[in-house]
Every structure is written in structure tokens, then in C-alpha cells.
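Presented below is the structure to which this report refers.
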Amino acid sequence: MFYSAGLPFTLARNPYFQAAFTFAADNNIGGYLPPGYNSMRTTLLQKEKENIDRLCAPIRAGWKDKGVSIVSHGWSDSQRRPLINFMAVSDGEAMFLKSVDCSGETKDSHFIFMLLKEVIQEVGHEKVVQLDFNIVGDVSAIKYFIMNHSMRLSMFNEFVGLKLLSIAETRFASMIVMLKRFKLIKCGLQNMVISEKWSLYKDDNLGRARMVEDKTLDDLWWDSIDYILAFTAPIYNMIRICDTDKPCLHLIYDMWDEMIEKVKKAIYFHELKRMDETSTFYEVVDGILVDRWTKNSTPFHCLAHALNPKYYSEQWLNEDSSRVPPHKDLEINQERQKCLKRYFPNLEDRNKINLKYVDFANTFEDVGILEVATLSLDEPEMESNVILDEDAL
């Protein structure tokens, strides 16, 4: 049966195949007829689909509470048809969703975006927390395929002037650094896989060699790398600046706002959206960033921001119409007061510090409301009034 029908040998490992033959050998099933061609492709197939849906129901039930990642992977079948598989992964359990035949389609960012949008709508956008093109896994596989063989590494060194980086996952932004290096050596990699040496090289793992060739010549794959680098670059750059010995506490509050705005622009540009439209992916990214800021920010960041003359200057204020000087920003004032109350618990001392801050702010702007806000600071016995007036600063 295996040799005449061309069945794959792995079928012999299938527990259902083994159980069927064991049952047939141990039981008298005279008159039994196996299912016919029509029933296998219609009624029996529908029943099996319903059975699979029942088995997958417990996995789907956990998506709402645990969230789900959408994973996509492009490949070619035995007929060389370009296919894209979509899977849902949650809490370590993966479930196949569907496979799309992309024959005749232009696999640009818009086409991929529409496919992902359909999958997200089918799963439920409120459950999706991450999209993964598995780019990092592909890059790692290509790197190890080249570096783990002397002949392949020799070819790589001939076509590429830069070395492949081996970065531990525990190092800072190892994924981003690796993707940046691959972007730099793109032309060299492509020249290598289309060279005569590559085509003449015989290897015992032809499937892996074909994967390396397909990925490095796939414009969509490189577009995905560009996209990842585009929206992670602001995050990466800010962390790099903060991870130095150079004083930057007085810049962090503003850098964080600028970073989030740059991330939003990169995502919206990729998704071809206007800035006033809704992006499910950006909402997820923004939620992660805001949550991280909430955990790591301190009132001291706001106090340092309020004491930086840069943020009172006309040049900085005119760069964005939504900007206001720190003493007119409600959040800055509230957090600044929290910091001052901690360092100066005595009300009289805190009033003196607030007056100093008023003098500081008045050097950059006309007096106006600042003078009104300081009137009750001469009444230390009315602490509730003082706190209210402090907030007005």
C-alpha cells in the first residue's frame, strides 16, 4: 500500500493508523466496507471538521483572558505555489487558522496588511496582543546555517565584507542589533545565493539551503525587516541615550512623548492610515509603552522637566502647537508637587521652594497668572488652600 499508492512513510507512525490495523486484526469485521471517495470528501470531512472544532474550543476559550499572538509564515508547496500560513498562539498552545494561496498577487505591505486584518477580525481584535512574522527566527536560522559550515562561511566572507554578529539573547536589544546587521549585508547575501558557487555547492540539507535563498531574495521579507526596524528605532534610540553616563534625567519626560509619537507615525505609515484613524496594532504597542512608563516614571522626572529652561523656550514650544510650558501642564504640576512634598514635608519650606519656582518660571514668561497663584502661599495655616494653589502652579 505504501509503495504502490505513494503514501508517506511517516503515516506508519500515526497512532490512528496503527490502532486501525490492530483493531482489524483482533476483531471479526466481516462485511465491513471502508468509507467511499464521496463520503470522505463531503459528509465525513464535515464531521471531522466539527470534531476538530470541538477539540479546539478549550484553546479558543482561553484567548480572551490570556491574549493571542497571530503568527504568519510564507512558504512554497510541491507545486511551487506561494502560500502564507496563519496560526494563533496563546499560552504555549498553537492552533492553525488558515492557509492563503497568493498566486498572482503582489505580496506588498498593503496585501499582507489586508490578510492580517481579516485574520484579526476572525479571531477578535480585542484578543490579539501580538503579530509575528517570525522574521527573527528566519534571520537566526540563516545566520546559523552560514556560520556552522566552513564552506558556506567561506562563501559568505567572499561576498560580504562585514561579519555576522553572534549576540546573546540576554544582551541589550540583541534582536534589533541582529536585524540591523542583516540590513547592512543585504546586497552581499543576495549576490551570494545567486552566484555560481552557491548553485554548485552540494549540501545534505537542500531544504535549508533553499530556505536561505528564498528568504534573501524575497522583497516582502526584507520589507518586514524594514518595518520592524522602523517602529522599534525610536524605542531603541531612547534606551541607548538613557543607558549612558551622560545626565539625561531632565530630558526623559519629553523624550518619552517624542518616542511614542515616532512609533505611531512609523506604524501608521506602514498601515497606510491617517493619524486620526484607529490602528489595532498601535493600540497594543501604545498600551505596552504606557504601562512601562507608568511603572518606571517617578515625580522626579517631572520636576527635572519643569526645571529645564529648554521647555520654556519659544523654539521648543513652536515646534508643536499642542506644547505648553511646564508650569501650565497639569500632569507636570501634579507630579512636581508630589516630589516637593516628599523632599520638603514642612509647609513653610515648601512655600519658599514654590516661590523660587515662580521666580524661575517668570524669567521666561510674563507674570500674569503666576502672581495670582502665589497669593495664598502667605497663609501657612490653611494647608488645604496652599495645596490647591500649589497645583495651580
Problem - Residues satisfying the stated conditions in region 173-214, i.e. surrounded by 12 or more Cβ atoms within 10 Å (Cβ to Cβ) and at pLDDT below 80 - result: Ala173, Ser174, Tyr201, Asp203, Arg208
Problem - Filter pass, Ser72 being closer than 25 Å to Val212 by Cα and in contact with a Phe, Trp or Tyr (Cβ under 6 Å, 6 or more places away or on another chain) - result: yes
Handout entry: Scope region 334-364; condition closer than 14 Å to Phe300 by Cβ, in contact (Cβ under 8 Å) with a residue 24 or more places away in the chain and of a type in the set (A, V, I, L, M, F, W, C); matching residues
Key = Cys339, Leu340
Problem - Positions within region 275-289 being without any contact (Cβ under 8 Å) to a residue 24 or more places away in the chain and either loosely packed, with under 13 Cβ neighbours inside 10 Å or not hydroxyl-bearing (Ser, Thr, Tyr) (or both), in sequence order - result: Met275, Asp276, Glu277, Thr278, Glu283, Gly287, Ile288
Handout entry: Conditions (1) without any contact (Cβ under 8 Å) to a residue 24 or more places away in the chain; (2) in contact with a Cys (Cβ under 9 Å, 6 or more places away or on another chain): number failed by Ile252
Key = (1)
Exercise for the section: Could you please let me know if Leu97 is part of a helix (DSSP H, G or I), touching a Phe, Trp or Tyr at 6+ places or on another chain (Cβ under 8 Å) and over 30 Å from Ile194 (Cα atoms)? Expected result: no
Problem - helices (runs of 4 or more DSSP H) contained entirely in region 15-64, each with at least 2 residues that are charged (D, E, K, R), without any contact (Cβ under 8 Å) to a residue 12 or more places away in the chain and surrounded by fewer than 11 Cβ atoms within 10 Å (Cβ to Cβ) - result: 43-61
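Pick from region 1-14 the residues that are loosely packed, with under 10 Cβ neighbours inside 10 Å and within 30 Å of Asp91 (Cβ to Cβ): which of them is modelled with the highest pLDDT? Break it down into steps so the answer makes sense when it comes.
Within region 1-14, the first condition is being loosely packed, with under 10 Cβ neighbours inside 10 Å, and the residues that meet it are 1, 3-6, 8-10, 13.
Still in the running and within 30 Å of Asp91 (Cβ to Cβ): 10, 13.
Working: Thr10: 83, Arg13: 87.
Only one residue tops the list, namely Arg13.
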Problem - Residue within region 225-248 that is at pLDDT 85 or above, closer than 24 Å to Glu118 by Cβ and acidic (Asp, Glu) present - result: yes
Completion exercise
Here the residues within region 215-251 that are open to solvent by less than 40 Å² (accessible area, probe 1.4 Å) and under 20 Å from Glu105 (Cα atoms) are Lys215, Thr216, Leu220, Trp221, Trp222, Ser224
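The values are calculated or read from the model by the stated rules, or taken from the named source; none is laboratory data. Since this is a predicted model, take the numbers as computed values, not measurements. All Cβ positions, glycine included, derive from the backbone under ideal geometry; neighbour counts span all protein chains shown. What goes into the accessible areas is simple: the full protein's heavy atoms, side chains included, and nothing from ligands, DNA or RNA. Shrake-Rupley method; radii C 1.70, N 1.55, O 1.52, S 1.80 Å.
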